[in-house]
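Just so it is clear, none of the values below were taken in a lab; they were calculated from the coordinates. Predicted, not measured: the structure shown is a model, and the values here were computed from it. Virtual Cβ from ideal backbone geometry, glycine too; neighbours counted across all protein chains shown.
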Amino acid sequence: VDLVEGEPMGNPHATVMSLCVAPNVRGFASAATEPAVRSWDGERVPRKRWLTHSGLFNNVVFSPSGNRLATTSSWTLEVFDTETGELLARLDRSCFSGADELTRAAWTNEEELLVGAENGSAFRVKLA
């Protein structure tokens, strides 16, 4: 095992809650204890930064093509276009029956996600 050393990236005043590698290793995304998600190309300066929901992030994940990025937090699921930064979808936790907190998301394909909640439920979300 080799530890690659370097300078810290991101906000030194926030705790990283989730990281994900982009398809084809084109970079990665990070979500922390701040209302922003960043995508990186491996350099110290983020490629994109999206202001998003408040609260703690639980998960950030790229779609299979890398064209979309989904985040879950205590209160919301949000999906962004990775090129334009446009918010494509935002679903409040009240849309997920009985869920107090959205914990994870996983893409099944480019148009569909599975979303997990702290109460053990899993939900299928189809994007238009």
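Across the stretch 60-77, rounded Karplus estimates of 3J(HN,Hα) from the backbone phi angles (6.51 cos²θ - 1.76 cosθ + 1.60, θ = phi - 60°) give 9, 8, 7, 5, x, 7, x, 7, 10, 9, 10, 10, 10, 9, 4, 10, 9, 10 Hz, Gly and Pro being marked x. The slack in the chain from Ala128 to Ser97, taken as 0.36 nm per residue of separation less the alpha-carbon distance, amounts to 9.1 nm.
Less than 10 Å Cβ to Cβ from Val61, Lys/Arg counted +1 and Asp/Glu -1: what total charge do the surrounding residues give?
Summing Lys/Arg as +1 and Asp/Glu as -1 gives +2.
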